[in-house]
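The structure appears right after this line, and notes come after that.
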Amino acid sequence: MNPASNLILVGPMGAGKSCIGRRLAERFGMRLVDADQEVERRTGAPIPTIFQCEGESGFRARERTTLAELLEQDGIVLATGGGAVLDPQTRERLRTRGFVVHLHLAPLQQLQRLARDRTRPLLARPDREAVLNELAELRDPLYAEVADLRYDTGRLTAAAATDHLADLLDTRWQRTHAPAGSGVST
């Protein structure tokens with residue numbers, strides 16, 4: 001068991017990090033923080049615009065800074081972006097600042113879930129399946145490196161996945177509470 005006050009969700013786009021994260025936060029009486037939404041809030045621009053103006057490297061720099069600050073908090077459910085694990089320092093922070101769940105989803109299942117989604121800059125290419133396969137090849141080992149638990153979301157609805165995952169977390173996550181004076185209630 002990894003004792004931690006934070007629950008951190010990593011995994012590829014479409015795996016359900018935001019949706020399942022929201023449901024887990026409610027179930028555990030915690031606050032959900034969506035890293036992508038926080039980057040957008042701080043920047044004042046949607047992620048596709050950030051990619052367009054600053055490229056992926058500019059977005060990743062903003063993501064890295066935002067995650068470093070978010071991971072100083074206690075008592076949160078943190079839904080990360082799919083590429084959050086690309087930075088070695090972020091991976092170290094993820095491992096030390098929370099119980100990390102890798103929400104796994106195979107590329108073909110991602111393709112199905114994201115078929116109508118045109119908001120993802122990395123999928124703004126003609127061969128989306130090839131992109132998803134390349135991302136999985138690069139990122140899956142990094143998700144495994146930081147994860148305390150790997151959970152496949154491919155065959156379940158968000159509600160069913162949340163219920164089953166919450167039951168697993170009850171037995172595998174030793175939840176600690178935020179330290180006194182942290183300003184975070186759990």
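Laboratory data are not the source of any read-out in this text; all were calculated from the coordinates shown. The model shown is predicted, which means the values in this text are computed figures rather than measured ones. Because the Cβ atoms are built from the backbone with ideal geometry, glycine has one as well, and the counts that use them run over all protein chains shown.
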Taking the stretch 76-93, which residues are in contact with a strand residue (DSSP E or B) (Cβ under 7 Å, 6 or more places away or on another chain) and either surrounded by fewer than 22 Cβ atoms within 10 Å (Cβ to Cβ) or under 23 Å from Glu134 (Cα atoms) (or both)?
Ala79, Thr80, Ala84, Val85
The correct count of residues that are in a loop (DSSP other than H, G, I, E, B), farther than 15 Å from Lys17 by Cβ and among the β-branched types (Val, Ile, Thr) in the stretch 143-171 is 1
Across the stretch 107-142, the tally of residues that are hydroxyl-bearing (Ser, Thr, Tyr) and farther than 15 Å from Phe51 by Cβ stands at 0
Go through the residues of the stretch 144-166 one by one and say whether even a single one is touching a helix residue (DSSP H, G or I) at 6+ places or on another chain (Cβ under 6 Å) and either among the basic types (Lys, Arg) or at positive phi (or both).
no
Name, by its number, the condition in (1) under 20 Å from Ile20 (Cα atoms); (2) under 15 Å from the mean Cα position of the chain (by Cα); (3) part of a helix (DSSP H, G or I); (4) hydrophobic (A, V, I, L, M, F, W, C) that does not hold for Leu103.
(3)
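Residue by residue, here is whether (1) in contact with a Gly (Cβ under 7 Å, 6 or more places away or on another chain); (2) exposed (fewer than 12 other Cβ atoms within 10 Å of the Cβ) holds:
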site	(1), (2)
Leu70	no, no
Arg97	no, no
Val101	no, no
Asp127	no, yes
Glu134	no, no
Tyr143	yes, no
Val146	no, no
Arg150	no, no
Thr176	no, no
